Amino acid sequence: MSTSVIEGLEKSNSAPAATAFGCPRNFLDNRFVYTVVSARARGLAIGINMNPDRFCNFDCAYCEVNRKLAVTEPELNVAIMAEELDKTLFLVRTGKIREHAACAGLSDELLKLRHVALGGDGEPTLCPNFAEVIQVVVHVWARNPHHFFKLALITNGSGLDLGPVQEGLQYFTRDDEIWIKLDSGTQTYMDRVNRTHVPLEKIMSNILLVGRHRPVIIQSLFPLVQGHEPSLEEIDEYLLRLLELKNGGAKISLVQIYSATRPIAHPDCAHMPLKNLSHISHRIKEETGLKAEVF
């Protein structure tokens, strides 16, 4: 998040925003629903762990999820998730969320609900009952007319073309958001950072598939890997990919530039300096005409 935004949130004489951002998720004794203060959400987000089994087709070098731990929830129980979402919305609406230690010292501004995120410990579009989850969340939304919230799908983009995902996205309104990962400009760098068998071409195709019909947010995380940042040549290629998406008809409302902040499961990955992230953001604005922001 930009310095000016953080300073604005800190004026409410509670815990500093810069301290709150980057804190781990808080499940509030739930199994599938959690809360987190997110810089990119600009405050409080309620999250739904779509992949409690931690299944993901990426193995990003900067990922915070430790997949070596035993799985305690093999699948998402939609009925229990709906109950937990109702309960968590009630805690936020009534202010009772402050009774939890992690939220006790946060400002009113930070505790405003920004969105309900479909994400968690894996790739949400690979959730077997994706469409059912969306339908149930929309029903929860309908039962809470005095507490409007928008949805945010946070995805690596690989499953956006799947039938159940396309079905689920039909329930998204124009206010809801789709955040799609694009961390690289070349297949070689994608293999190094995202460590997946999914080709970059597939991600580009799926961004266009969705982005031609509704605005999307591109989320790009640039880490230091073994002390090295992406090369200038890689950033050049990344900018070309953004231009290809824009010229191909993708409606990109924002490019989020950020780095690893939460505790990382892989020790060879670290946070990239803010000035370097800012330089990438500046180049995006200058060379593609897209809106970009550093978090």
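Since every read-out is calculated from the coordinates, none of them should be taken as a lab result. Bear in mind that the values here come from a model prediction, so they are computed numbers and not experimental data. All Cβ positions, glycine included, derive from the backbone under ideal geometry; neighbour counts span all protein chains shown.
Can I get the semi-axes of the chain's equivalent ellipsoid? Compute them from the C-alpha gyration tensor as square roots of 5 times the eigenvalues, in angstrom, largest first.
Values: eigenvalues 163, 104, 74 Å².
Working through the eigenvalues yields semi-axes of 29, 23, 19 Å.
Under 8 Å for C-alpha pairs, at least 6 residues apart: give me the relative contact order for the range 122-181, rounded to a whole percent. Walk me through the intermediate numbers first.
Values: 60 pairs, mean separation 27.4, N = 60.
Once divided by the residue count of the range 122-181, the mean separation gives 46 percent.
Is there a pair in Lys112/Lys150; Lys96/Lys181; Lys202/Lys251; Lys181/Lys285; Lys87/Lys181 whose C-alpha atoms are over 22 Å apart, and which pairs would that be? Intermediate values should be presented prior to the final figure.
Values: Lys112/Lys150 13 Å; Lys96/Lys181 34 Å; Lys202/Lys251 18 Å; Lys181/Lys285 18 Å; Lys87/Lys181 30 Å.
Lys96/Lys181; Lys87/Lys181, as the Cα separations exceed 22 Å there.
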Check: Highest GNM mean-square fluctuation, the chain, Cα pairs closer than 10 Å: which of Ala131, Ala104, Ala70?
Finding: Ala70
Note to self: Can you give me the long-range amide H partners of Gly43? Hydrogens built in the peptide plane at 1.01 Å from N, cutoff under 5 Å, separation of 5 or more residues or another chain.
What the structure shows: Ser38
Next item on the list: May I ask you to derive the relative contact order of the chain, considering only C-alpha pairs under 8 Å and at least 6 residues apart, and to give it as an integer percent?
Entry: 18
Next item on the list: Would you calculate the separation in nanometres between label points at Glu99 and Glu286, each defined as 7 Å from the Cα along the Cα-to-beta-carbon direction?
Entry: 5.4
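Which whole-number percentage describes the relative contact order of the range 123-251, with Cα contacts under 8 Å and a sequence gap of 6 or more? Write down the numbers at each step before the final one.
Details: 159 pairs, mean separation 32.9, N = 129.
About 26 percent, as a whole number.
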Margin query: Quick check: the distance between the Cα centres of the range 273-288 and the range 39-57, to the nearest angstrom?
Written below: 26
Check: Given a Förster distance of 30 angstrom, what is the FRET efficiency for Val78 paired with Leu209, based on the Cβ-Cβ distance and rounded to 0.05?
Finding: 0.70
Check: If each of Ala142 and Gln226 carries a label point 7 Å out from its Cα toward its Cβ, how far apart are those two points in nm?
Finding: 5.4
